[in-house]
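Input: a single structure, listed below in structure tokens.
The values are calculated or read from the model by the stated rules, or taken from the named source; none is laboratory data. Just so you know, these numbers come straight off a predicted model, no measurement behind them. Note that we place each Cβ from the backbone using ideal geometry, even for glycine, and neighbour counts take in every protein chain shown.
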Amino acid sequence: MTRSVPPMLSTAELRSRIARVPRTTLAHLPTPFEFLPRFSQAISPNGPRVWIKRDDCTGLLFGGNKARHNEFLIADALAQGADLVVWGAGVQSNNCRQTAAACAKVGLDIHLVLGRGKPADGPDIVQGNLLLDHIVGASIEIVEESVGPDLDQKISDVAARFRATGRKVYLWERPVVLPLAALSYALCLAEIVEQSAASGFEPAAVYVSSAGSTGAGVALGAAALGCRFPVKSIAPMTWPWDSQVEMSATANRAAELAGIDTRLAPDDILFITEQLAPGYGQPSDAGLAALTLLARTEGILVEPTYTAKALAGLIADVRVGLFNAGNDCNGQSTDVVFLHTGGTPAIFAEAEMLSERIARKVL
Ligand SMILES: Cc1ncc(COP(=O)(O)O)c(C=O)c1O
């Protein structure tokens, strides 16, 4: 199956379609778009220029992709008259931290069901995201289930428990939240297209950490705008189901919600699993090298679980010469974009591992 090709939209048209869907302002937008001169030089002196889209600067309790997602999800919760959000993921979830902050901002109660089971987080040290969840006033329940279908079932059970007491619960359910969240990343892609055009180039590729709505939304935005460059979703995890199938279905449902004619086939999602080892939530040598290099050349932080692995994917492609002049999608551009999706508070729960594995600089 190939992608059907409806007339391409302008960024303004894409925005006006998505404006049909209710949205609550939460994020600092547009996020900055910056050239990384020392990082580009360090990974390949004659390679592409690397740019960064700073979605670690979206605000809402230390930034990240869930500030954008929540603009649509919280609007949906408010439209449904919810008085309680029941959400859940791993103990150090970035998603839960920013969702708890969003609830604080609009005055909704939130109950978090945080899974301690592998491959999530191990000990529930009150640090990083979990500390912030507490401070921002989330009610927290730590359970033994692992992130995935078991935890999803647990979250629905907890939601049912609250419903039985008369609460109007907005529940984290993948088929509902994923397409709404994806819309926010179609908009992010529009920002990237405008910001790169203002800097005089069309990207040769966009890299993002995702196994879900973020990559689905960026891919939808790129297809709807008729972009020629690939969007590479670098997998931080795999699910028990086929991510290309789920992400394309997410993009297509998002498109339907906004009245966009573009449709994606599973193969339109470039889902790259090469950086995943040794597994979800477990740091890789390449990721830690990417983290250290970005910090030491540009003073910008990524974290081991998501963004460091995505950056390692970009570095690997640059180093095999994928973006040498003439090798890219339009034969000219040698600019690649890393979409930084945040997550940095998680590093404080990993201080021991990082202090052991990050080489110390001694002069
Ligand atoms: C920092 C960060 N980046 C990327 C992602 C991936 O987002 P998704 O797979 O939901 O698109 C997450 C998910 O929690 C995250 O916390």
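Some observations on this one:
- Scanning region 248-288 for residues that are farther than 23 Å from ARG228 by Cβ, of a type in the set (Gly, Ala, Ser) and assigned to a loop (DSSP other than H, G, I, E, B) turns up GLY259, ALA277, GLY279, GLY281, SER284.
- Filter result (outside any helix (DSSP H, G or I) and either within 14 Å of the ligand (Cβ to nearest atom) or touching a helix residue (DSSP H, G or I) at 6+ places or on another chain (Cβ under 9 Å) (or both)) within region 63-82: GLY63, GLY64, ALA82
- Close contacts from region 132-143, counting a first residue that is closer than 24 Å to SER156 by Cβ and a second that is modelled with pLDDT of 95 or more and loosely packed, with under 15 Cβ neighbours inside 10 Å, with Cβ to Cβ under 7 Å and a gap of 6+ residues or different chains, come to ILE140/HIS134.
- Meets criteria (touching a residue at least 24 places away in the same chain (Cβ under 8 Å), more than 16 Å from the ligand (Cβ to nearest atom) and not assigned by TED's automatic domain parsing to the domain that holds VAL318) for ILE125: yes
- Residue in region 28-57 that is nearest to the ligand (Cβ to nearest atom), counting only those that are under 19 Å from THR341 (Cα atoms) and touching a Leu at 6+ places or on another chain (Cβ under 7 Å): ASP55
- Selected residue (criterion: farthest from the ligand (Cβ to nearest atom)) from residues of region 93-107 that are on the phi < 0 side of the Ramachandran plot and surrounded by fewer than 24 Cβ atoms within 10 Å (Cβ to Cβ): VAL106
- Yes/no for ALA197 being without any contact (Cβ under 8 Å) to a residue 12 or more places away in the chain, under 27 Å from ASP56 (Cβ atoms), more than 15 Å from the ligand (Cβ to nearest atom) and more than 22 Å from the chain's Cα centre (by Cα): yes
- Only listed residue being within 14 Å of the ligand (Cβ to nearest atom), over 20 Å from GLN127 (Cβ atoms) and out of contact with any His (no Cβ under 8 Å at 6 or more places or on another chain), chosen from ILE315, ILE269: ILE269
- One residue from ALA346, ALA308 being within 15 Å of the ligand (Cβ to nearest atom), touching a helix residue (DSSP H, G or I) at 6+ places or on another chain (Cβ under 7 Å) and at pLDDT below 95: ALA346
- Picking from residues in region 158-191 that are among the small types (Gly, Ala, Ser) and either out of contact with any Gly (no Cβ under 8 Å at 6 or more places or on another chain) or more than 16 Å from the ligand (Cβ to nearest atom) (or both), the one that is nearest to LEU114 (Cα to Cα) is ALA159.
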